1. Read through the list (1) surrounded by fewer than 19 Cβ atoms within 10 Å (Cβ to Cβ); (2) more than 27 Å from the chain's Cα centre (by Cα); (3) modelled with pLDDT of 90 or more, then give the number of the only condition that P133 fails.
2. Of everything in the range 141-183, what is closer than 27 Å to A335 by Cα and surrounded by fewer than 18 Cβ atoms within 10 Å (Cβ to Cβ)? Give them in sequence order.
3. Name the residue, out of N588, N550, that is touching a helix residue (DSSP H, G or I) at 6+ places or on another chain (Cβ under 8 Å) and at pLDDT 90 or above.
4. Out of all the residues in the range 618-667, which are touching a Pro at 6+ places or on another chain (Cβ under 7 Å) and closer than 19 Å to M563 by Cβ?
5. Determine the pairs where a residue that is modelled with pLDDT of 85 or more, located within the range 343-356, has a partner that is part of a loop (DSSP other than H, G, I, E, B) and exposed (fewer than 14 other Cβ atoms within 10 Å of the Cβ) with Cβ atoms under 9 Å apart, the partner being 6 or more residues away or on another chain.
6. If A188 satisfies every condition in (1) surrounded by fewer than 16 Cβ atoms within 10 Å (Cβ to Cβ); (2) of a type outside the set (D, E, K, R); (3) touching an Asp or Glu at 6+ places or on another chain (Cβ under 7 Å) but one, which is the exception?
7. Mind checking whether some residue in the range 751-763 is out of contact with any Asp or Glu (no Cβ under 6 Å at 6 or more places or on another chain), surrounded by 15 or more Cβ atoms within 10 Å (Cβ to Cβ), not in a helix (DSSP H, G or I) and not aromatic (F, W, Y)?
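The values are calculated or read from the model by the stated rules, or taken from the named source; none is laboratory data. Fair warning: this is a prediction, and the values are worked out from it, not measured in the lab. Using ideal geometry, Cβ is built from the backbone for each residue, glycine included, and neighbour counts are taken over all protein chains shown.
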Amino acid sequence: MSASEDSGGKAAPSRVQRWLLVLGALAILTLVSLRPLMDLARPPPAGVRVVLWHSQRGAERDALEALLRRFNEEHLGRIQVEPLGVPDASFKDKLLHTVPRGSGPDLFVRPHNELGELSRGGVLAPVAPSDLPFGEQGYVAGLVEGVSEGGVPKALPLTYKALFVFYNTKLLPEGPPASLADLEARRASLPEGSYPLAYDATSLFFHAPFFLAAGGRPLGEGERFSLFDEPGSKSFALPGALKQRGVLPPELSYAESIRLFEDERVAALVCGPWYTPAGKIAASKSWDVGPLFSVEGRPAGSFVTVEAAFLASSARHPKEALEVARYLAGPAGQADRFQKLGLPPVERAAYGELARLGEPISERAAVLAEFQRRALESGLVTPSSVRMAAVWRPAEDVLRTSLAGRDLPQAIDAARYTLAKVEAEREAPASAPVYGALLVALLGVLTILLVRHVRMAGISPEASRARQMGSWGMAALPYMLPGALATLALVLAPVTVAAGMSLFEFEQGRFVFVGLSNFRDVLLPPLERAFEARSFYFALGVTVLWTLLNVVAHVAIGLSLAMMLRPAWVKLRTPFRLLLILPWAIPNYITALMWKGMFHAQVGAINALLAPFGFEGYAWFDRFSTAFFANLVTNTWLGFPFMMVVTLGALSSIPKELEEAATLDGASRWLRFKHVVLPHVRPALLPSIVLGSVWTFNMFNVVYLVSAGEPGSQTDILVSEAYRWAFERGQRYGYAASYSVLIFLFLLGYTRVTRRLTEEKHA
């Protein structure tokens with residue numbers, strides 16, 4: 001046996017093998033020792049992904065995202081929250097369109113006001129009472145009820161926001177006013193041009209201290225509208241009376257109230273925790289906060305908004321989403337919001353020992369929390385019912401009427417009638433197949449009409465000749481098909497959907513088949529209501545007047561300017577043309593907002609120019625005539641460049657020889673215009689007039705942004721009325737759709753008549 005073999009007959013490892021074994025062992029030991037370092041270098045496991053939507057901005061957004069980062073650090077590798085900011089205006093619609101289809105967020109932060117509609121839309125997942133971090137009885141009174149439906153919690157309260165008073169310490173050195181009478185009594189001691197009080201007196205939300213103090217409630221038993229019931233309805237006369245007595249400034253929008261307070265021209269401002277003073281008052285540090293003052297001996301309250309965390313019904317990880325919600329709504333989130341934002345805690349016991357929420361706590365944050373708790377005690381958590389959507393606009397109309405000093409009882413009566421239409425009972429709901437069948441039937445009828453129209457066109461002399469030549473047949477179908485499909489998709493389908501929706505009404509989160517009742521309500525209202533504001537016939541009259549005056553102004557100004565800029569000898573003709581086209585080039589909503597600012601009662605350029613004639617501080621939108629005039633001026637500014645450009649193009653085609661011959665024949669300037677210029681311009685001008693009429697008839701932006709329908713919806717046209725019925729007066733989508741169908745039929749008839757008249761003119 002050789003020395004290289006062991007007793008078992010096996011060969012002993014060679015030197016190379018021994019070194020390989022040693023190196024392998026060292027490598028294993030190295031990897032084991034470096035494992036912790038490798039784990040640090042490797043990205044940590046993301047864990048379960050929870051998507052959270054919110055619409056917060058500024059400091060509130062920063063505080064929320066910082067809190068979520070802390071949660072992610074504490075739950076590293078298990079739960080990863082991804083916040084996503086969603087625009088406030090589209091938040092609800094995005095939820096209603098995504099969550100029922102199995103997408104969207106797992107969790108979202110939202111004010112409680114939309115709870116009713118979201119619940120009926122199948123957006124919300126249930127929340128057990130045991131999921132509430134502080135228990136059902138541990139919250140400030142009213143908060144859990146505010147996020148509940150049928151006594152069952154639907155969300156976890158995070159905080160709440162209520163109104164209180166900001167006051168100028170220079171103008172009110174004695175401290176915040178204890179009562180409205182006390183505030184009014186201090187008017188004599190204020191500098192000239194200053195006012196004791198300012199708030200958005202056109203909004204029911206800011207009018208709430210006076211409304212609730214009078215004993216008003218927006219909804220009664222069974223969600224019946226009680227907005228204008230006694231004794232709360234008496235409060236709507238108060239803003240007008242305070243304005244007449246000089247307690248309130250002439251212009252009372254939210255922005256104007258803020259501006260006057262920051263310019264140190266208002267002693268007290270009613271607002272909420274979302275506002276931080278700026279401007280002169282911030283620079284001089286001459287402001288402080290106080291509780292809501294009493295009104296006629298009764299404590300003033302506030303509509304309270306509860307900010308809450310909602311679980312989506314489509315949550316992919318509901319258990320983890322609930323854990324995130326509990327963290328946001330629990331002690332950590334409550335303390336964070338209180339410390340960073342001064343938002344009041346939701347836990348009842350926290351008010352007895354605010355110091356336990358942690359440091360630092362500013363004295364003002366503690367004071368604000370107490371003020372908002374008081375406002376909640378004497379106020380009301382805003383009802384989350386879907387019916388609340390119908391309340392705000394009628395209340396605004398009544399408040400504006402009060403401020404304008406017009407007939408308040410008539411305005412209240414009209415508002416009651418509007419709410420009564422929303423409250424009207426509907427028939428039993430139709431099934432989805434019925435709805436689909438109706439839409440298919442309507443689409444079929446419209447398609448048949450289209451085919452018939454094409455076939456009728458085919459018997460024209462031109463079409464007959466084409467058939468005889470063999471060009472009209474199956475060979476043409478591939479060329480016609482794209483246009484036919486585009487017409488079907490872009491024209492017939494939307495018209496069909498609108499027509500089908502007009503046969504339904506939206507009630508309690510579902511569509512109810514009502515047949516032709518919407519058209520009956522629109523076209524056959526009670527005789528005494530037929531020609532009041534908010535009625536179809538009143539809006540139709542305003543629309544026709546609006547269209548007629550605008551088109552006349554557009555044509556007159558456009559034609560006059562074109563004639564002035566036509567001669568070659570006019571100096572700077574090209575720069576003038578470019579300058580006059582600018583109103584057309586600027587987006588109309590920007591122009592509308594610009595003109596609205598110019599008609600502002602306090603700082604508008606129009607009143608500044610008219611001040612020497614006694615128009616200082618004139619309220620243009622308090623009367624129909626002046627509000628309509630403001631709309632008319634704005635739209636005229638927008639529309640005349642189009643007519644000017646069309647006319648300039650037509651004028652350039654007139655042979656010079658004709659005008660020279662007319663001049664040699666001794667024709668005056670007027671005769672040359674009448675017999676030479678106008679006949680050549682008319683073929684281009686008539687279609688432009690028809691097109692301009694259709695545009696003006698549906699010019700929503702100007703009416704909505706300039707006058708906003710003021711006063712009392714009197715300057716609303718048909719298209720803006722349809723919008724308000726759909727989105728501001730109780731979601732009456734079917735009623736609004738019937739408006740749309742009638743507008744379509746009216747314009748269809750108008751275009752057919754004008755087309756025939758144009759053809760006869762040419763013939």
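1. Only one criterion in (1) surrounded by fewer than 19 Cβ atoms within 10 Å (Cβ to Cβ); (2) more than 27 Å from the chain's Cα centre (by Cα); (3) modelled with pLDDT of 90 or more is unmet by P133, namely (1).
2. Listed by number, the residues that qualify are A141, G142, E145, V152.
3. Working: N588 fails: at pLDDT 90 or above.
Answer to the check: N550.
4. Of all residues in the range 618-667, those touching a Pro at 6+ places or on another chain (Cβ under 7 Å) come to 619, 621-624, 627, 637-638, 641.
Answer for the range 618-667, where residues must be touching a Pro at 6+ places or on another chain (Cβ under 7 Å) and closer than 19 Å to M563 by Cβ: just P641.
5. Correct list of pairs: R348/Q137; R348/A141.
6. If we test A188 against (1) surrounded by fewer than 16 Cβ atoms within 10 Å (Cβ to Cβ); (2) of a type outside the set (D, E, K, R); (3) touching an Asp or Glu at 6+ places or on another chain (Cβ under 7 Å), just (3) comes out false.
7. No; the residues of the range 751-763 include none that is out of contact with any Asp or Glu (no Cβ under 6 Å at 6 or more places or on another chain), surrounded by 15 or more Cβ atoms within 10 Å (Cβ to Cβ), not in a helix (DSSP H, G or I) and not aromatic (F, W, Y).
Quick grid of which residues meet (1) at pLDDT below 90; (2) surrounded by 15 or more Cβ atoms within 10 Å (Cβ to Cβ):
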residue	(1), (2)
R224	yes, no
S235	no, yes
E251	yes, yes
L260	no, yes
E264	no, yes
W287	no, yes
T305	no, yes
